[in-house]
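Since the structure comes first, as C-alpha cells, the remarks are kept for the end.
The values are calculated or read from the model by the stated rules, or taken from the named source; none is laboratory data. Since this is a predicted model, take the numbers as computed values, not measurements. Here Cβ is always computed from backbone atoms with ideal geometry, including for glycine, and neighbour counts include all displayed protein chains.
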Amino acid sequence: MSLLAKFKTVRAELQQKPIRADPPVTPLPDPADKIAAYHERLAIVTEAGDVTETEAHAIAQDEVGSDIETLASQQISFWQQKLQLLPEPKDQWLAKLVPGCRAQLHADWLIDAAVFGWTDVELFGLHPTAPNVRVEAMGLVVSIACSPFSRPVEVSSLTSADAVLQTGTGARLRYSRFKATGRVPIWKHHAFHESALAFGRTGDAIARTRTWQERRKRSAKSTIQMTAWSEALRTVIFRPVSSGTAAGRDPAYGGCIDGKY
C-alpha cells in the first residue's frame with residue numbers, strides 16, 4: 001500500500017469515529033455558608049463562657065455537620081477549581097493577574113485563611129468595573145499577585161483579623177481584613193464571561209482611537225494611572241507591621257509606607 005493510500009485509509013477511519021467531547025466538569029459545592037455558620041455558632045457558644053474551647057468546637061461541629069478542617073479543605077478545592085477553569089480574558093491586566101493568583105493556591109497560609117473563614121471576596125475580590133484602579137476592593141490574593149513589592153511576597157502569618165507579609169527585601173507588611181461592598185470574586189468578573197473588553201471599553205470606542213497621536217496620549221495617561229495605582233496599593237492596602245494606624249485613616253485600609261518594599 002502506498003503512503004497516499006494509507007493516509008486516505010486512516011483519514012476515512014478517523015472520520016467514521018464519533019468525536020468524543022471532554023466530559024463537563026462537575027462544579028464543586030461552595031462550603032462558605034457552612035464555614036460562616038460554624039464560626040457564628042462557635043462565637044455564640046464561646047461568648048456564653050460555660051464551655052471550654054474544645055467543647056465549643058464540638059458543639060459547632062455537631063450543628064454544622066462537619067469539622068472546620070474538612071470544611072476548609074473543601075473551600076480550598078472550590079477556590080482551586082474556580083481559578084483553574086477561568087477562561088483567558090481579553091484584557092491584558094487581568095490575563096497577567098490570573099497566573100499570580102493561581103500561584104497562591106497551594107500556599108500553606110491559604111489553609112489558615114479557610115479555617116478562619118476568609119471569604120471569596122476577601123481573598124480574590126475585585127471591583128466589578130474598575131479592577132485595576134479601585135485598589136481598596138482588592139482581596140489579599142489579588143493584592144499579592146499585583147503588588148509592586150520586591151519578589152517573592154509571602155504571607156508569614158495569618159489570623160482572623162489580618163495577614164503579615166514579607167517581601168523580597170525582608171520588609172514585613174500588614175494587610176488588614178476588611179469588609180467592602182460592591183466587589184466580586186475574580187471568577188465572577190464580567191471580563192471572563194463576555195466578549196467585550198473589560199472596563200466598559202467597546203469595539204466602537206477602540207476603533208475611534210486608531211491614530212498615532214491618540215495612541216500616544218492614551219499611553220501617557222496609562223503610565224500616569226499605573227504610577228498612581230502602584231502608589232495607592234502601597235499606601236491604601238498595606239502598612240508596616242511596626243507602625244500604628246496612620247492619623248485620619250481607617251485602620252481597615254492600612255497606613256502609609258516609606259522606603260522600598
Fill in: Answer residue from the range 154-185, given it is among the β-branched types (Val, Ile, Thr), modelled with pLDDT under 90 and touching a Phe, Trp or Tyr at 6+ places or on another chain (Cβ under 9 Å) and is farthest from ALA43 (Cα to Cα) among those
THR169
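Give the residues of the range 115-136 that are among the small types (Gly, Ala, Ser) and either out of contact with any helix residue (DSSP H, G or I) (no Cβ under 8 Å at 6 or more places or on another chain) or buried (at least 24 other Cβ atoms within 10 Å of the Cβ) (or both), sorted by residue number.
Selection gives GLY125, ALA130.
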Practice prompt. Look at GLY117 and say whether it is in contact with a Ser or Thr (Cβ under 9 Å, 6 or more places away or on another chain), at pLDDT 90 or above and on the phi > 0 side of the Ramachandran plot.
Written response: yes
Fill in: Condition broken by LEU173, with the remaining ones in (1) part of a loop (DSSP other than H, G, I, E, B); (2) touching a Lys or Arg at 6+ places or on another chain (Cβ under 8 Å); (3) over 27 Å from VAL25 (Cβ atoms) satisfied
(1)
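Suppose we filter the range 77-131 for residues that are part of a loop (DSSP other than H, G, I, E, B) and more than 16 Å from ALA36 (Cβ to Cβ); how many remain?
Counting residues in the range 77-131 that are part of a loop (DSSP other than H, G, I, E, B) and more than 16 Å from ALA36 (Cβ to Cβ) gives 18.
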Worksheet, complete the sentence: ASP62 passes all but one of the listed conditions (1) surrounded by fewer than 14 Cβ atoms within 10 Å (Cβ to Cβ); (2) not in a helix (DSSP H, G or I); the exception is number (2)
Worksheet item: With respect to VAL153, is the statement that it is farther than 30 Å from TYR38 by Cα, free of Cβ contacts under 8 Å to residues at least 40 places away in the same chain and touching a helix residue (DSSP H, G or I) at 6+ places or on another chain (Cβ under 7 Å) true?
Response: yes
Worksheet item: If a residue has to be in a helix (DSSP H, G or I), under 12 Å from the mean Cα position of the chain (by Cα) and among the aliphatic types (A, V, I, L, M) to count, how many in the range 132-148 make the cut?
Response: 6
Item to complete: Starting from the range 115-131, keep only residues that are over 13 Å from VAL142 (Cβ atoms), then list their pairs with residues that are part of a loop (DSSP other than H, G, I, E, B) and among the hydrophobic types (A, V, I, L, M, F, W, C) whose Cβ atoms are within a distance under 8 Å, requiring at least 6 positions of separation or different chains.
Response: THR129/PHE199; ALA130/PHE199
